[in-house]
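Working notes, structure below.
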Amino acid sequence: MRAIQLTEYVKGPLDLKVTELPTPSPSPDKYLIEIHSAGTNFFDLLQIQGKYQQQPPFPWISGMEFAGTVLATPTAAKNPRFKPGDRVFGANQGAYATHILAPEQSLLPVPEGWSFEDAAGLFVTAPTSYGGLVHRANVQQGDWVLVHAAAGGVGLAAVQIAKARGATVIATAGTERKRQIAKDFGADYAVDYRDKNWPEVVKKLCEEHRTGNGKAGVDIVYDPVGMIDQSLKCVAWNARLLIIGFAAGKIEKVALNRVLLKNVSLVGLHWGQYAHFEKETVGTVWRGIFDLISQGKFRGTAFKDESFVGLESVPRALNALGSRDTWGKVVVKVVDDDASKSGITQSKL
Ligand SMILES: NC(=O)c1ccc[n+]([C@@H]2O[C@H](COP(=O)([O-])OP(=O)(O)OC[C@H]3O[C@@H](n4cnc5c(N)ncnc54)[C@H](OP(=O)(O)O)[C@@H]3O)[C@@H](O)[C@H]2O)c1
């Protein structure tokens, strides 16, 4: 197989190289999968530089999210959920490769009609946003939801989920292109949060379009950036502020008197830990997401302004992700399925 294997840390993604390695044999407890697409994540950039909290022992293959086809089921499994040929997506260390071994609990079936490219970006973003909005913030029909960095990976998932639950969405994003993308995915309003008066803009929208306590601001804030302090200026009575991440790179400190005075809740979410502490919710969340997909209320968010084909394009894809110019999920097509369908193989490109 071919893979991006690290034997030492690198300075940045452009130093990554594709190497030839033995293809794994079928395993007693893992599926052997042929990868068609791999999703990129910011933590991949940290991991290749040795700056992430989970650093596997050398040598290791980078990448975490993938979609592909089952080649072999676990040899010791009596009743495997998937069979050879099934299309699956999942998350496991070693996704920047043509093949991977992955346990059953890290895999899900590719939704009907979805491309590998879109499925490769689903495993982390969709449940984070669904778990946050539905299970932690109890989003309801008629709520107003403020989604920060709405054109990012978790942001675009949050916009779609909030809309599907009957909420009105105010999206924030740093460029006109990203604000347009957030609207294309359903946001009702889009606000430039690089303008320091953005909380006033959100408040004005609520004053103009809401009634009663809602005139003061939104009911839910979805924050993957680190904007809680500022967001407290434009929330309604009983608001829930979801702490999802710190993409801006700073862990905020918040004046708790404002939490009391406004009668609001700060709500954390650590999706990855649900598999350890609350397994039953993992299944409920995925059923909710698959329901939205089957109703046509949730679609893939793969970045389309530029294409990344072949493992050799992983460095370029990670570089683009790090530049903050992309939107949605940056996905690498390890196999170019469109070209294969039209009879052009990778080696002929
Ligand atoms: N809590 C959980 O369980 C969980 C799960 C998944 C992800 N996360 C976290 O959620 C955050 C977002 O993840 P994601 O996958 O949506 O990432 P992403 O696709 O890279 O999007 C992040 C967005 O943050 C905005 N941003 C603001 N300041 C930034 C800065 N200084 N550098 C880079 N981006 C900045 C950018 O939008 P603009 O250009 O529009 O500002 C960017 O599009 C990450 O911190 C991630 O670790 C948490």
*Could you give every pair whose Cβ atoms fall below 6 Å, whose first residue belongs to region 183-209 and is touching a residue at least 60 places away in the same chain (Cβ under 8 Å), and whose second residue is β-branched (Val, Ile, Thr), counting only separations of at least 6 or pairs across chains?*
185/159
*Hits in region 174-191 - residues which are near the ligand (Cβ under 9 Å from one of its atoms) and farther than 22 Å from residue 236 by Cβ*: 174, 175, 178, 179
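Here's the yes/no breakdown for (1) under 18 Å from residue 301 (Cβ atoms); (2) outside any helix (DSSP H, G or I):
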| residue | (1), (2) |
| --- | --- |
| 122 | yes, yes |
| 129 | yes, no |
| 139 | no, yes |
| 142 | no, yes |
| 157 | yes, no |
| 166 | no, yes |
| 171 | yes, yes |
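Is it true that residue 221 is assigned to a strand (DSSP E or B), out of contact with any Asp or Glu (no Cβ under 8 Å at 6 or more places or on another chain) and within 13 Å of the ligand (Cβ to nearest atom)?
Details: assigned to a strand (DSSP E or B): yes; out of contact with any Asp or Glu (no Cβ under 8 Å at 6 or more places or on another chain): yes; within 13 Å of the ligand (Cβ to nearest atom): no.
Criteria not met by residue 221.
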*Among the numbered criteria (1) over 30 Å from residue 267 (Cβ atoms); (2) touching a helix residue (DSSP H, G or I) at 6+ places or on another chain (Cβ under 8 Å), which single criterion is violated by residue 105?*
(1)
*Quick one: which of 14, 45 is in a helix (DSSP H, G or I), over 21 Å from the mean Cα position of the chain (by Cα) and closer than 16 Å to residue 313 by Cβ?*
14
*Looking at 267, 259, which is the one that is within 15 Å of the ligand (Cβ to nearest atom), farther than 22 Å from residue 194 by Cβ and assigned by the TED database to the domain that holds residue 173?*
267
*Taking residue 144 as meeting all but one of (1) under 30 Å from residue 237 (Cα atoms); (2) not assigned by the TED database to the domain that holds residue 211, write down the number of the exception.*
(2)
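Between 51, 78, 83, which is within 21 Å of the chain's Cα centre (by Cα) and among the basic types (Lys, Arg)? Quick ask: steps written out before the conclusion?
Values: 78 fails: within 21 Å of the chain's Cα centre (by Cα); 83 fails: within 21 Å of the chain's Cα centre (by Cα).
Unique residue meeting the criteria: 51.
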*Scan region 296-329 for residues that are basic (Lys, Arg) and either closer than 13 Å to residue 125 by Cβ or within 12 Å of the ligand (Cβ to nearest atom) (or both) and jot them down.*
299, 324, 329
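Output the number of residues of region 231-253 satisfying the condition of being within 13 Å of the ligand (Cβ to nearest atom) and buried (at least 20 other Cβ atoms within 10 Å of the Cβ). Write out each step before concluding.
Filtering region 231-253 for residues within 13 Å of the ligand (Cβ to nearest atom) gives 242-252.
Checking which are buried (at least 20 other Cβ atoms within 10 Å of the Cβ) leaves us with 242-244.
Matching residues across region 231-253 total 3.
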*Of all residues in region 296-338 being part of a helix (DSSP H, G or I) and touching a strand residue (DSSP E or B) at 6+ places or on another chain (Cβ under 8 Å), which is surrounded by the fewest Cβ atoms within 10 Å (Cβ to Cβ)?*
337
*If residue 237 satisfies every condition in (1) in contact with a strand residue (DSSP E or B) (Cβ under 7 Å, 6 or more places away or on another chain); (2) farther than 21 Å from residue 159 by Cβ; (3) in a strand (DSSP E or B) but one, which is the exception?*
(1)
*Residue within region 270-289 that is in a loop (DSSP other than H, G, I, E, B) and either touching a residue at least 12 places away in the same chain (Cβ under 8 Å) or away from the ligand (no atom under 13 Å from the Cβ) (or both) present*: no
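The values are calculated or read from the model by the stated rules, or taken from the named source; none is laboratory data. None of the values given here were measured: they were computed from a predicted structure. In this analysis, Cβ positions are derived from the backbone assuming ideal geometry, glycine residues included, and neighbour counts consider all displayed protein chains.
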